[in-house]
Amino acid sequence: MGVFSTILGLCGFGVGITAGLVIGYFLFIYFQPCDVKDPEFRPLVEQDTDSLQRMLPEIPPWVKNPDYDRIDWLNKFIFHMWPYLDKAICKTAKNIATPIIAEQIPKYKIDSVEFETLTLGSLPPTFHGMKVYVTDEKELIMEPCIKWAGNPNVTIAVKAFGLKATVQVVDLQVFAAPRITLKPLVPTFPCFAKIYVSLMEKPHVDFGLKLLGGDLMSIPGLYRFVQELIKDQVANMYLWPKSLEVPILDPAKAYRRPVGILHVKVVRAMKLKKKDLLGASDPYVKLKLTEDKLPSKKTTVKHKNLNPEWNEEYNFVVKDPQSQALEMVVYDWEQVGKHDKMGMDVVPLKELTPEEPKVMTRELLKNMDLNDVQNEKSRGQIVVELTYKPFKEEDIPKGFEESQEVPKAPENTPPGGGVLVVIIHEAQEVEGKHHTNPYARVLFRGEERKTKHVKKNRDPRWEEEFSFTLDEPPIRDRLHVEVCSSSSRIGLLHPKETLGYVDINLTDVISNKRINEKYHLIDSKNGKIQVELQWRTSS
């Protein structure tokens, strides 16, 4: 009986396995889901920017986005300079943080907060690409992509209620995309007056926080809370359009436009001293305005004359009559060798009454040091006639206007809204595969506008303006500008092709009222397009 049961069990097991395999195969073959599609394989070069960033989050922006430039040279420079930058940055951070901490700690009944150690470590930040905006607004706009996984050592000692606690920040990681704006650009080194720093998106900040030997960030829930708190606080202060302003120069002094003309008439000199061996001198006068980089102006040379008369007239452009002065230096001309200085004097322009000619007889001095005893010696006199003529507002040269006003919107503009003006100036280096007869398409909120066609031209210039009346500012909208080419021949083969496009975020134009930039065209080898945007309101 036992043998018989064993045989039946083995037969049943075999039949069950066989039946299960047959049924499973049948179900697998005849009951496959119909909505499953075969995977589509595409080369990376054909992927758009968003897909590449999703698949490869660490990919540098310059790989796909033509607006970003590769800046390996800057990373090498920072790597070699980092030991010195580390000390300079830490010193500056201490100077900035110390008064802020001293102001805040009384609110929390803390005795003191001090830096015991502050160093940024040996690993410098890395720039993964930089986007530079080309504008006509006397400014330079840069958007670098910065990633820093550093090994800093920041130790802070906190004293309160007679106790001392030491907090250490370790394993810091910062990923940020700031916008750095240098404006206004001025003709005085370092050639910009202010630096504006904004964040285009919330930064990623990750770090460890050690207290009494333990890592506070390992406490459940605290890590995410602290990280989000830092992101929100930084974003509230510096997220675009808010910015951190760092003054470098006084714009009023760095970029001064002309405010008037100084008319100088050199009349004569009297009782000059003998400089030549034969008992005479060959005098001439050099004239120059202080704080002006233009070359000096010189009178003619009066040979062998100690009381020369010139009656020669000169004009100088004045930028600041309160601080500038006219510098007059009399020289003895020499045919060979250095010309000898006979005397000098300086006339501050603030001593002059506008529009009133003033004849002045000035004593010549050796130098402008009032304590120098050599200035007591008589060196002669010089007679000049000075007239300061300030400009009227309408006479100020237009080339020195610092900004261009945006016109106001028409009176029938909806309240709270405005007019978005799009000016398509020109494109450069656009080329089609089959024909190049470019025109521009502007798409915004379902409306389409087109420029005229320019036949057989890789650098078309349109200078056409389009307007969109809106009920509210388009803060979250994008403007699509596309350069196309249409065939001039009648036929169905290649009637139209796209030469490149760009999507423009309108947040900047709402904040600045006007932007004028050149954009790299996507899907174009070297193509660029210059677009000016204005946001006009009735107020």
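Worth pointing out:
- Taking θ as phi - 60° and the Karplus parameters 6.51, -1.76 and 1.60, the scalar couplings of region 457-468 work out to 8, 7, 10, x, 10, 10, 6, 10, 10, 10, 10, 10 Hz in sequence order, x denoting glycine and proline.
- Derived scalar couplings between HN and Hα for region 85-101 equal 5, 4, 5, 5, 5, 5, 5, 5, 4, 4, 5, 6, 6, 4, x, 5, 5 Hz in order, rounded to whole Hz, by the Karplus curve 6.51 cos²θ - 1.76 cosθ + 1.60 (θ = phi - 60°), x for Gly and Pro.
- Positive minus negative residues near Pro241 (Lys, Arg vs Asp, Glu; Cβ under 10 Å): +1
- Per-residue ³J(HN,Hα) for region 308-325, Karplus 6.51 cos²θ - 1.76 cosθ + 1.60, θ = phi - 60°, Hz, x for Gly and Pro: x, 10, 10, 6, 9, 10, 9, 10, 10, 7, 9, 10, 8, x, 7, 10, 7, 8
- Whether region 229-385 is rounded, prolate or oblate, judged on the alpha carbon gyration tensor where a/c under 1.5 counts as rounded: prolate
- Cα gyration tensor shape of region 104-146, rounded if a/c is under 1.5, else prolate or oblate by comparing a/b with b/c: oblate
- Part-to-part distance (alpha-carbon centres) for region 81-142 and region 316-365, which is given in Å: 47 Å
- Against the criterion of solvent-accessible heavy-atom surface with a 1.4 angstrom probe, Thr353, Thr181 sort, most first, into Thr353, Thr181.
- Of all accessible heavy-atom area on region 89-175, the percent that carbon and sulfur account for (1.4 Å): 62 percent
- For Phe115, neighbours were defined as the other residues whose beta-carbon sits under 15 Å from its Cβ, and their charges (Lys and Arg +1, Asp and Glu -1) total +2.
- Between Asp171 and Gly208, the built amide H atoms are under 5 Å apart, and every one of these is 5 or more places off in sequence or on another chain.
- Residue-count net charge about Thr537 - beta-carbon cut-off 10 Å; Lys, Arg +1, Asp, Glu -1: +3
- Taking 7 Å steps out from each Cα toward its Cβ at Val267 and Asn236 produces label points 7.0 nm apart.
The values are calculated or read from the model by the stated rules, or taken from the named source; none is laboratory data. All values reported here derive from a predicted model rather than from experimental measurement. Here Cβ is always computed from backbone atoms with ideal geometry, including for glycine, and neighbour counts include all displayed protein chains. In case anyone asks, the SASA skips ligands and DNA or RNA and just uses the protein heavy atoms, side chains included. Shrake-Rupley method; radii C 1.70, N 1.55, O 1.52, S 1.80 Å.
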